[in-house]
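One structure is given below, encoded as structure tokens.
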Amino acid sequence: MTNVVISIIILLALLLFGLPLPIVFFTATIYMVISSGVDPSFAIPYGYNKINSLTILVIPLFIIAGAFMQESSIGDKLLSAAEKLVGRKVKGGIGVAVCIACAIFGAISGSANAALTTLSPICYPKLYARGYSKGFACSLMASASILGCLIPPSGMMIVFAWVTNTSVLACFLATFVPGLVLTAVFSIINLIEAKKMGVTALGDSDSGSVNAANGVLTAAGEKTARKKIDFSVFWALFMPVFVLGSIYGGIMTPTEAASASAFYAFIVGVFIYKKLSFKKITKLLATAGKSSGIVMFLIFSVTILSRMYIDAGLPNKVFTLLSSITSSKFLMLVFINIFLVIIGMLMDDASGIVLAAPLLTPIIQQMGIDMVHFAAIIGVNLGMGGITPPTAPMTYLAGKLGGGDFTEMLWPTLKLIIFGWLPVLVITTYWESFSLFLPRLILGYYCLLYTSDAADE
């Protein structure tokens, strides 16, 4: 057990020093292999066999799809559609449109980072032109970009299902309601804050002009925008319908759907929006290949490390420790939530799930919590961890892209956490039906409670 403690200390120390995640986890894994006397001929094939899976192929496919979407102006089309949906006379409507666009783009790209980096050049000029402060605009973008990790088809949930051998479709549906509720709550908070900031409506003719360079919009441009119907937006809106419809219609598996989404983004980008050239595609595939290699190496290392922690009996020791502190299921879930938020603060969603899910699954099972319910709990926790100070990786990224200082982002971020993330997290954790309603309704899924009685049956 001493080896486990030291490896965790090494892990945390390297994370605090800001080293790249693959190096951090590989170093901790190497230490565990050497100190535990494990034969590398066991560890390496185990890691390889785990990632040698069609299910995990969804990660590079989503990365490729996100790269194509980023260059195909799909994000711009989604934002335009969201603006029309919200209405151009609503003060703060652009903030609502941003939440919707981020949720949809993040869902079909499978990445919060992709949603944030793609939509930032489009959204920030429009938000600032309407009177949003940099602090609130950056905070809103950080939280909104994470919504796609909860709204299906979520790459995070595919990884969770792969790690825990749980139904992918059920996990999709478990996080769908929390994701929609968060989208609605962020939109409401945005409208309240927009009123305080004196934000103008999208259709205000005296608000000046919005463009990517300086965020300025002329009255003439507004009139043209109101009159012109952009039918090309259909192709961007059809993408999530196509992907989700094929999955829930039983036409394609999630992995096949991820491949189809990449192909769809390619077709739309090259032949419809004509933003993708074959020269660009070559560069995008090379970049996506490098990113996929880094992610797969990371998962390879984390998979081995998680297995060694399990073999060392870490989950049982943690459960024994928690049980000695309290017998209350309520308090034990509080401790688990705190642990997951910290994980979300330190690493991305995929590596967080690969590390935390195997460790916590035995504990969750002993507590009698359904695994699909746990999927929703871990999804919301890791999402909130991404914007929680002091590390807050998504908050820092949003500030860097939007030119916002972290000090001016702090209070708006805390508002979104206190009035948005925390209430949804509490409801998701303690109200089982909140996350299991859709799986039961659509899939006929019923909870399997991991109790001693159920195991005997």
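Couple of notes before you dig in:
- Options 93, 47, 37, 66; residue that is surrounded by 17 or more Cβ atoms within 10 Å (Cβ to Cβ), under 30 Å from residue 305 (Cα atoms) and either more than 19 Å from the chain's Cα centre (by Cα) or basic (Lys, Arg) (or both): 47
- The conditions of being at pLDDT 90 or above and in a helix (DSSP H, G or I) are met by residue 413.
- Any hit, the range 72-87, residues being surrounded by fewer than 19 Cβ atoms within 10 Å (Cβ to Cβ), in a helix (DSSP H, G or I) and charged (D, E, K, R): yes
- Applying the condition of being farther than 18 Å from residue 11 by Cα and touching a helix residue (DSSP H, G or I) at 6+ places or on another chain (Cβ under 7 Å) to the range 331-358 and asking which residue is surrounded by the fewest Cβ atoms within 10 Å (Cβ to Cβ) yields 335.
- Any chance residue 47 is among the small types (Gly, Ala, Ser) and under 30 Å from residue 181 (Cα atoms): no
- Scan of the range 424-438 for residues that are touching a residue at least 24 places away in the same chain (Cβ under 8 Å) and surrounded by fewer than 14 Cβ atoms within 10 Å (Cβ to Cβ), ordered by number: 430
- Selection count where residues are crowded, with 22+ Cβ neighbours inside 10 Å, polar (S, T, N, Q) and either at pLDDT 90 or above or under 19 Å from residue 83 (Cα atoms) (or both), scope the range 121-158: 3
- The range 6-18 residues that are crowded, with 16+ Cβ neighbours inside 10 Å and in a helix (DSSP H, G or I), paired with ones that are among the hydrophobic types (A, V, I, L, M, F, W, C) and modelled with pLDDT of 80 or more (beta carbon under 6 Å, 6 or more apart): 7/28; 7/32; 10/28; 11/28; 14/24; 15/24
- Highlighted here are the helices (runs of 4 or more DSSP H) found entirely within the range 168-287 that include at least 1 residues which are at pLDDT 75 or above and closer than 30 Å to residue 418 by Cα: 168-197.
- Hey, residue 94 at pLDDT 80 or above, assigned to a helix (DSSP H, G or I) and of a type in the set (Val, Ile, Thr) or not: yes
The values are calculated or read from the model by the stated rules, or taken from the named source; none is laboratory data. This structure is a prediction, so every number in the text was calculated from the model and none was measured. All Cβ positions, glycine included, derive from the backbone under ideal geometry; neighbour counts span all protein chains shown.
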